[in-house]
Amino acid sequence: MLTITTLKQILAEPTRIVITTHYKPDGDALGSSLAMLLWLKARGHDVKLIVPSDYPSFLMWMPHQEEAIIYTENKDLADGFIQQADLIFCLDFNGLARTQDMQAVLRNSEATKIMIDHHLEPEGFDQFRHWNPESAATAYLVYDFIVNLLDDRASITPEIATCLYTGVMTDTGSFRFQSTTAEIHLVIADLISLGAKNSEIHELVYNSSSENRLKFLGFCLLNRLVVLPEYKTAYFAITKEDLARFNIITGDTEGLVNYALSISGIRLAALIIDRTYQIKLSLRSVGTFPANEICANYFNGGGHRNAAGGHDDLPLEQVVDKFRAVLPLYKEQLLGN
Ligand code: 5GP
Ligand code: MN
């Protein structure tokens, strides 16, 4: 492992740097990556941001997001940058498998890898780690890295503050999850004083739905929501025909699972979607119920205790049956307080 002193020395000279994040980046992944891109560029480095896939349209206003190279669309170019990089910043993921198709080229790269992340059980691909699974968002850790480890608050521009604000806002469900500590509010206050326009950011992220997306939400609530009061669980199972009927694109299903969790008394919510190439699961829970355990034990995934995900190769109906069959095993925890 590198020390922060060595890392500071490396960053004192212009360096070829790649920044990357997880597949289907969310607000925290993209916000952290763009903040790091802007900060490193301002320090004179040659920096490329390579994202493994496209991302939701509600993030397409973010400062400098158009500079992100989308791996699936520019594989050869991106591979070249990764092979030439001296440093690779890996933000908001704990294992290289979370970058999907980029996994092999990242694993083969001899660049020094710097991980900034808040997911449990890091794989150990990195040479420097700024990691805390208790942190509400990776964007908070990026702020902490710049301000406290590198002592460079003065370089946080309004654009960087905007990116970091978006990351913390989206990963805390607008500052309402348990992870939202007093420290988070202090950092958010600082980001506003550094130029993040909080009200505008909320508008851009949360009031930018297409008509299709809203009608899809109505359809799912009426026709696809299943409530199992005996297990304090509710879930949606969405077919590929449903997605096609409403022209659903990346990001349109974001937040849907929270509607199942918003029912009074529900402790576990799931969104099970047929993505054609596989079935994707998103789980959310309240309190101490470990959604990540179900994902890790049964659905090739993991995540945080209250927000986890996974995938399965069985057909949709069988994945739903499997999910329902798992619930009795957790009955005590689901019904307990
Ligand atoms: P989402 O439900 O929004 O896709 O993901 C919620 C959280 O679950 C993510 O922040 C991530 O920690 C975790 N997660 C989602 N999908 C996967 C997966 O396929 N594998 C693992 N290990 N974690 C996942
Ligand atoms: Mn995150």
For region 8-64, which residues satisfy the criterion of being within 16 Å of ligand 1 (Cβ to nearest atom) and among the basic types (Lys, Arg)?
LYS24
Can you spot a residue in region 324-336 that is on the phi > 0 side of the Ramachandran plot, at pLDDT 95 or above, surrounded by 15 or more Cβ atoms within 10 Å (Cβ to Cβ) and not aliphatic (A, V, I, L, M)?
no
If we scan region 106-116, do we find a residue that is within 13 Å of ligand 1 (Cβ to nearest atom) and part of a helix (DSSP H, G or I)?
no
Just to confirm my filter: which helices (runs of 4 or more DSSP H) fall fully inside region 118-214 and include at least 2 residues that are touching a helix residue (DSSP H, G or I) at 6+ places or on another chain (Cβ under 7 Å), of a type in the set (Phe, Trp, Tyr) and under 22 Å from PRO63 (Cβ atoms)?
138-144
Hey, ILE279 free of Cβ contacts under 8 Å to residues at least 60 places away in the same chain, closer than 26 Å to ASP92 by Cβ, within 16 Å of ligand 1 (Cβ to nearest atom) and touching a Pro at 6+ places or on another chain (Cβ under 8 Å) or not
yes
Could you grab me the full set of residues in region 41-54 that are of a type outside the set (Val, Ile, Thr) and surrounded by 20 or more Cβ atoms within 10 Å (Cβ to Cβ)?
LYS48, LEU49, PRO52
Find the helices (runs of 4 or more DSSP H) located wholly in region 215-312 whose residues include 3 or more that are under 21 Å from the mean Cα position of the chain (by Cα), and list them.
256-261, 291-298
Report yes if GLN103 is closer than 23 Å to CYS295 by Cβ and touching a helix residue (DSSP H, G or I) at 6+ places or on another chain (Cβ under 7 Å), otherwise no.
yes
How many residues does region 313-337 contain that are assigned to a loop (DSSP other than H, G, I, E, B) and of a type in the set (S, T, N, Q)?
1
For GLY287, state whether it is modelled with pLDDT under 95 and more than 15 Å from ligand 1 (Cβ to nearest atom).
yes
In region 166-182, what residues are away from ligand 2 (no atom under 14 Å from the Cβ) and at pLDDT 95 or above?
SER174, PHE175, THR181, ALA182
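The values are calculated or read from the model by the stated rules, or taken from the named source; none is laboratory data. In this text, all values refer to a predicted model and were calculated from it rather than measured experimentally. Please note: Cβ atoms are built from the backbone with ideal geometry, for glycine as well, and neighbour counts cover all protein chains shown.
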